[in-house]
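Since the structure comes first, as structure tokens, the remarks are kept for the end.
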Amino acid sequence: LFEGVKKQVAEFVEGFNEVLDCEVLLYFQPQELNMIFCGPEREEWTVPFLTQSTRCDHGYSHESTSVLNLFRILSELDPEDHRRFLQFATGSPRLPVGGLANLQPRLTIVKRTPEQGRSVDDTLPTVMTCTNYLKLPDYSSIHIARERLLYAIREGQGSFDLS
């Protein structure tokens, strides 16, 4: 196996050395390099942290009940659903270096109105991953919000629809 990719690895190292001296990398632990190049795997999301790291627009503010419910739900996610939410909302399962607060553009939560003839509680959240835009319906309860969000992030990974 090594012989099959030896030339490609040597070329990669040579090119990488033009940008950064590979000797410097020896001072870091693998976990530190992973953090530098890939960002944090997970960060602690609390309601105050999410309030500072996101923005609201088009019908929502950080004081809106649906936004506060969203933040409570996000703060309770296990690591796998945390990654699923990131994949759903941003198109990537990992955060940038510096975490959610450094996401560009900033994660923006906007109100989603249901299509004609549908109730708000039957509407799933949708996203625009290019702009980190989460379109969140104004659900009647945190219970329904949790059900719909978890369904969207768990089952919607293979779907691509224009909205």
**OP:** Specify the residue that is modelled with the highest pLDDT; the eligible residues are those in segment 25-45 that are surrounded by 13 or more Cβ atoms within 10 Å (Cβ to Cβ) and within 30 Å of residue 66 (Cα to Cα).
**Re:** 45
Original post:
Quick one: what pairs do we get from segment 103-121, first residue among the acidic types (Asp, Glu), second modelled with pLDDT of 95 or more and exposed (fewer than 15 other Cβ atoms within 10 Å of the Cβ), C-beta under 7 Å, 6+ apart or different chains?
Top reply: 121/140
Original post:
In segment 68-88, is there at least one residue being more than 13 Å from the chain's Cα centre (by Cα) and of a type in the set (Asp, Glu)?
Top reply: yes
**OP:** Among the residues of segment 84-100, write down those that are touching a Leu at 6+ places or on another chain (Cβ under 9 Å) and in a helix (DSSP H, G or I).
**Re:** 84, 85, 86, 88, 89, 90, 100
Original post:
For segment 43-67, how many residues are under 13 Å from the mean Cα position of the chain (by Cα), within 21 Å of residue 130 (Cα to Cα) and part of a loop (DSSP other than H, G, I, E, B)?
Top reply: 1
Original post:
Taking segment 104-124 only, how many residues are assigned to a helix (DSSP H, G or I) and either open to solvent by less than 60 Å² (accessible area, probe 1.4 Å) or hydrophobic (A, V, I, L, M, F, W, C) (or both)?
Top reply: 2
Subject >> Failed condition for residue 108, given (1) in contact with a Lys or Arg (Cβ under 6 Å, 6 or more places away or on another chain); (2) over 15 Å from residue 50 (Cα atoms) >> reply: (2)
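Looking at segment 84-93, which of the residues that are touching a residue at least 12 places away in the same chain (Cβ under 8 Å) and surrounded by fewer than 20 Cβ atoms within 10 Å (Cβ to Cβ) is nearest to residue 156 (Cα to Cα)? Show your work before the answer.
From segment 84-93, those touching a residue at least 12 places away in the same chain (Cβ under 8 Å) are 84-85, 87-91; that's our starting set.
Still in the list and also surrounded by fewer than 20 Cβ atoms within 10 Å (Cβ to Cβ): 87, 91.
Details: 87: 10, 91: 12 Å.
Per the stated criteria, the residue is 87.
For segment 52-71, enumerate the residues that are of a type in the set (S, T, N, Q), surrounded by 15 or more Cβ atoms within 10 Å (Cβ to Cβ) and either modelled with pLDDT under 85 or more than 17 Å from residue 82 (Cα to Cα) (or both). Show your work before the answer.
In the first step, residues of segment 52-71 are kept if they are of a type in the set (S, T, N, Q); the result is 52-54, 61, 64-66, 69.
Adding the requirement that they be surrounded by 15 or more Cβ atoms within 10 Å (Cβ to Cβ) leaves 53-54, 64, 66, 69.
Result: 64, 66.
Do the conditions hold for residue 81, that is, is it part of a helix (DSSP H, G or I), of a type outside the set (Val, Ile, Thr) and open to solvent by 30 Å² or more (accessible area, probe 1.4 Å)? Before the answer, list the steps.
Working: part of a helix (DSSP H, G or I): yes; of a type outside the set (Val, Ile, Thr): yes; open to solvent by 30 Å² or more (accessible area, probe 1.4 Å): no.
So residue 81 does not fit the description; no.
The values are calculated or read from the model by the stated rules, or taken from the named source; none is laboratory data. Keep in mind that what you see is a predicted model, and the values were worked out from it rather than measured. All Cβ positions, even for glycine, are placed from backbone atoms using ideal geometry, and neighbour counts span all protein chains on display. Surface accessibility is based on the protein's heavy atoms, side chains included, excluding ligands, DNA and RNA. Shrake-Rupley method; radii C 1.70, N 1.55, O 1.52, S 1.80 Å.
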